[in-house]
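Novice: Okay, here's the structure, questions in a sec.
The values are calculated or read from the model by the stated rules, or taken from the named source; none is laboratory data. Because the structure is predicted, anything quoted here is derived from the model rather than measured. We place every Cβ from the backbone using ideal geometry, glycine too, and count neighbours over all the protein chains shown.
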Amino acid sequence: MTQVPEKYKKLALARLDIVKNWIEFRKSYKNKMQADCDFIQLYNSGEQYKYLFELTGQISRGGLHRWHQKLNNTDDWTRLTPQYKYTKSSEYRTSLNDDEIKVFMNLLLHPNKISIGKAISLTKYSLRSQAFIPSDITFRRYAKWFRDNNYDKWILARDGEKGLKDKVEPYIVRDASILQVGEILVAV
(Lines give C-alpha, C1' and ligand atoms only; values in the text may rest on other atoms or scores of the structure.)
Protein backbone atom coordinates (compact mmCIF):
# COMPACT_ATOMS: atom_id res chain seq x y z
CA MET A 1 0.00 0.00 0.00
CA THR A 2 1.23 3.49 -0.76
CA GLN A 3 1.99 5.89 2.04
CA VAL A 4 -1.14 7.74 3.15
CA PRO A 5 -0.63 11.47 3.73
CA GLU A 6 -0.94 12.57 7.35
CA LYS A 7 -4.02 14.68 6.61
CA TYR A 8 -5.97 11.68 5.33
CA LYS A 9 -4.72 9.47 8.14
CA LYS A 10 -6.16 11.93 10.67
CA LEU A 11 -9.41 12.06 8.73
CA ALA A 12 -9.70 8.25 8.71
CA LEU A 13 -8.97 8.02 12.43
CA ALA A 14 -11.57 10.72 13.10
CA ARG A 15 -14.12 8.76 11.08
CA LEU A 16 -13.30 5.65 13.09
CA ASP A 17 -13.87 7.55 16.35
CA ILE A 18 -17.17 8.90 15.03
CA VAL A 19 -18.38 5.41 14.14
CA LYS A 20 -17.39 4.09 17.58
CA ASN A 21 -19.17 6.97 19.33
CA TRP A 22 -22.22 6.45 17.12
CA ILE A 23 -22.41 2.74 17.97
CA GLU A 24 -22.20 3.56 21.69
CA PHE A 25 -24.85 6.25 21.28
CA ARG A 26 -27.22 3.82 19.52
CA LYS A 27 -27.10 1.31 22.40
CA SER A 28 -29.20 3.54 24.62
CA TYR A 29 -32.07 3.76 22.08
CA LYS A 30 -34.68 1.21 21.11
CA ASN A 31 -35.52 3.03 17.88
CA LYS A 32 -32.30 2.99 15.83
CA MET A 33 -33.60 5.49 13.27
CA GLN A 34 -34.30 8.02 16.02
CA ALA A 35 -30.87 7.31 17.52
CA ASP A 36 -29.22 7.99 14.17
CA CYS A 37 -31.10 11.25 13.69
CA ASP A 38 -30.33 12.42 17.22
CA PHE A 39 -26.64 11.53 16.88
CA ILE A 40 -26.35 13.34 13.55
CA GLN A 41 -28.09 16.40 14.94
CA LEU A 42 -25.87 16.38 18.04
CA TYR A 43 -22.69 15.84 16.03
CA ASN A 44 -23.46 18.41 13.34
CA SER A 45 -24.15 21.04 16.00
CA GLY A 46 -20.43 20.88 16.76
CA GLU A 47 -20.99 20.95 20.51
CA GLN A 48 -20.43 17.34 21.54
CA TYR A 49 -17.42 16.18 19.51
CA LYS A 50 -15.65 19.46 18.69
CA TYR A 51 -12.28 18.04 17.65
CA LEU A 52 -13.81 15.42 15.37
CA PHE A 53 -16.21 17.98 13.91
CA GLU A 54 -13.29 20.30 13.06
CA LEU A 55 -11.58 17.48 11.16
CA THR A 56 -14.53 16.06 9.26
CA GLY A 57 -17.17 18.76 9.12
CA GLN A 58 -20.82 17.84 8.86
CA ILE A 59 -21.78 14.23 8.26
CA SER A 60 -24.92 12.42 7.17
CA ARG A 61 -26.69 9.27 8.25
CA GLY A 62 -25.75 7.59 4.98
CA GLY A 63 -22.11 8.46 5.56
CA LEU A 64 -22.18 6.85 8.99
CA HIS A 65 -23.71 3.67 7.63
CA ARG A 66 -21.22 3.58 4.75
CA TRP A 67 -18.26 3.95 7.12
CA HIS A 68 -19.69 1.29 9.42
CA GLN A 69 -20.11 -1.08 6.50
CA LYS A 70 -16.56 -0.41 5.27
CA LEU A 71 -15.19 -1.24 8.71
CA ASN A 72 -16.98 -4.61 8.67
CA ASN A 73 -16.67 -5.03 12.48
CA THR A 74 -12.95 -4.25 12.53
CA ASP A 75 -10.92 -1.34 13.86
CA ASP A 76 -8.88 -1.00 10.67
CA TRP A 77 -8.80 2.76 10.10
CA THR A 78 -7.16 2.35 6.67
CA ARG A 79 -10.52 1.26 5.30
CA LEU A 80 -11.84 4.76 5.98
CA THR A 81 -9.12 6.71 4.18
CA PRO A 82 -10.26 8.64 1.12
CA GLN A 83 -9.61 6.44 -1.89
CA TYR A 84 -7.42 8.76 -3.92
CA LYS A 85 -4.40 7.67 -5.86
CA TYR A 86 -1.54 9.27 -4.00
CA THR A 87 1.20 10.29 -6.41
CA LYS A 88 4.10 12.66 -6.45
CA SER A 89 3.70 15.91 -8.33
CA SER A 90 6.23 14.69 -10.89
CA GLU A 91 4.11 11.63 -11.70
CA TYR A 92 1.02 11.59 -13.87
CA ARG A 93 -1.90 9.43 -12.86
CA THR A 94 -3.01 7.69 -16.03
CA SER A 95 -4.66 4.50 -17.16
CA LEU A 96 -1.90 3.96 -19.71
CA ASN A 97 0.46 1.14 -18.85
CA ASP A 98 4.24 1.33 -19.28
CA ASP A 99 4.27 -0.41 -22.67
CA GLU A 100 1.67 1.96 -24.09
CA ILE A 101 3.55 4.98 -22.77
CA LYS A 102 6.84 3.70 -24.18
CA VAL A 103 5.44 3.15 -27.68
CA PHE A 104 3.57 6.47 -27.64
CA MET A 105 6.52 8.51 -26.37
CA ASN A 106 8.94 6.92 -28.86
CA LEU A 107 6.69 8.15 -31.64
CA LEU A 108 5.92 11.50 -30.07
CA LEU A 109 9.52 12.40 -29.26
CA HIS A 110 10.79 11.51 -32.72
CA PRO A 111 12.87 14.17 -34.52
CA ASN A 112 10.37 14.09 -37.41
CA LYS A 113 7.95 16.00 -35.13
CA ILE A 114 5.08 13.58 -35.57
CA SER A 115 1.84 15.27 -34.56
CA ILE A 116 0.03 14.09 -31.46
CA GLY A 117 -2.89 12.77 -33.51
CA LYS A 118 -0.62 10.81 -35.84
CA ALA A 119 1.35 9.42 -32.88
CA ILE A 120 -1.92 8.27 -31.30
CA SER A 121 -3.01 6.54 -34.52
CA LEU A 122 0.34 4.80 -34.94
CA THR A 123 0.40 3.77 -31.28
CA LYS A 124 -3.07 2.28 -31.53
CA TYR A 125 -2.04 0.45 -34.69
CA SER A 126 1.02 -1.04 -33.02
CA LEU A 127 -1.03 -2.02 -29.94
CA ARG A 128 -3.92 -3.55 -31.91
CA SER A 129 -3.14 -7.02 -30.53
CA GLN A 130 -4.07 -5.86 -27.01
CA ALA A 131 -7.52 -6.61 -25.66
CA PHE A 132 -8.04 -3.05 -24.43
CA ILE A 133 -6.69 0.04 -26.15
CA PRO A 134 -7.17 3.39 -24.37
CA SER A 135 -9.08 6.18 -26.06
CA ASP A 136 -7.50 9.00 -28.03
CA ILE A 137 -8.19 11.57 -25.33
CA THR A 138 -6.25 9.50 -22.79
CA PHE A 139 -3.17 9.61 -25.01
CA ARG A 140 -3.74 13.29 -25.78
CA ARG A 141 -3.98 14.21 -22.09
CA TYR A 142 -0.78 12.33 -21.35
CA ALA A 143 1.00 14.10 -24.21
CA LYS A 144 -0.20 17.49 -22.98
CA TRP A 145 0.90 16.72 -19.42
CA PHE A 146 4.30 15.53 -20.63
CA ARG A 147 4.83 18.59 -22.81
CA ASP A 148 3.77 20.98 -20.03
CA ASN A 149 5.94 19.33 -17.37
CA ASN A 150 8.94 18.28 -19.47
CA TYR A 151 9.12 21.04 -22.04
CA ASP A 152 12.91 20.89 -22.22
CA LYS A 153 12.90 17.16 -23.04
CA TRP A 154 10.08 17.70 -25.52
CA ILE A 155 11.99 20.40 -27.41
CA LEU A 156 15.34 18.59 -27.24
CA ALA A 157 13.87 15.39 -28.70
CA ARG A 158 11.82 17.09 -31.41
CA ASP A 159 13.92 20.14 -32.33
CA GLY A 160 17.42 19.17 -31.23
CA GLU A 161 20.02 21.19 -29.37
CA LYS A 162 19.55 24.31 -31.47
CA GLY A 163 15.83 24.31 -30.72
CA LEU A 164 16.62 23.81 -27.05
CA LYS A 165 18.97 26.80 -27.06
CA ASP A 166 16.52 28.97 -28.99
CA LYS A 167 13.30 28.07 -27.21
CA VAL A 168 14.14 26.92 -23.69
CA GLU A 169 17.47 28.19 -22.42
CA PRO A 170 17.48 31.66 -20.92
CA TYR A 171 18.54 34.52 -23.13
CA ILE A 172 18.88 38.27 -22.91
CA VAL A 173 15.94 40.36 -24.00
CA ARG A 174 16.91 43.80 -25.17
CA ASP A 175 14.48 46.67 -25.13
CA ALA A 176 15.76 49.21 -27.63
CA SER A 177 13.34 51.86 -26.42
CA ILE A 178 15.21 52.33 -23.13
CA LEU A 179 18.69 52.53 -24.68
CA GLN A 180 20.42 55.82 -25.34
CA VAL A 181 22.73 56.49 -28.23
CA GLY A 182 26.23 55.17 -27.54
CA GLU A 183 25.32 52.96 -24.55
CA ILE A 184 26.07 49.69 -26.32
CA LEU A 185 28.86 48.80 -28.67
CA VAL A 186 28.27 45.92 -31.04
CA ALA A 187 31.24 44.20 -32.65
CA VAL A 188 30.59 42.93 -36.12
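Novice: Checking the conditions here, which among THR94, THR74 is modelled with pLDDT under 90 and either aromatic (Phe, Trp, Tyr) or more than 30 Å from TYR125 (Cα to Cα) (or both)?
Specialist: Of THR94, THR74, the one residue that is modelled with pLDDT under 90 and either aromatic (Phe, Trp, Tyr) or more than 30 Å from TYR125 (Cα to Cα) (or both) is THR74.
Novice: Has region 8-23 got at least one residue that is charged (D, E, K, R), in a helix (DSSP H, G or I) and more than 17 Å from THR81 (Cβ to Cβ)?
Specialist: no
Novice: So which of SER89, SER60 ends up being at pLDDT 85 or above and either surrounded by fewer than 10 Cβ atoms within 10 Å (Cβ to Cβ) or in the same structural domain as VAL19 (by TED's automatic domain parsing) (or both)?
Specialist: SER60
Novice: So, one more: For region 28-57, which residues satisfy the criterion of being crowded, with 16+ Cβ neighbours inside 10 Å and either part of a loop (DSSP other than H, G, I, E, B) or modelled with pLDDT of 90 or more (or both)?
Specialist: ALA35, ASP36, PHE39, ILE40, TYR43, TYR49
Novice: Quick check on my filter: what residues within region 110-164 are β-branched (Val, Ile, Thr), part of a loop (DSSP other than H, G, I, E, B) and closer than 18 Å to LEU96 by Cα?
Specialist: Correct list: ILE133 only.
Novice: Got a sec? Which of LEU108, LEU64, LEU96, LEU55 is touching a residue at least 12 places away in the same chain (Cβ under 8 Å), within 26 Å of the chain's Cα centre (by Cα) and closer than 25 Å to LYS10 by Cβ?
Specialist: LEU55
Novice: Follow-up question, since we're still on this one. Just for region 165-175: of the residues that are in a loop (DSSP other than H, G, I, E, B) and of a type in the set (Asp, Glu), which one is farthest from LYS113 (Cα to Cα)?
Specialist: ASP175
Novice: Still on this structure: Look through region 1-27, keep the residues that are modelled with pLDDT of 90 or more and out of contact with any helix residue (DSSP H, G or I) (no Cβ under 7 Å at 6 or more places or on another chain), and return whichever of them is surrounded by the fewest Cβ atoms within 10 Å (Cβ to Cβ).
Specialist: LYS27
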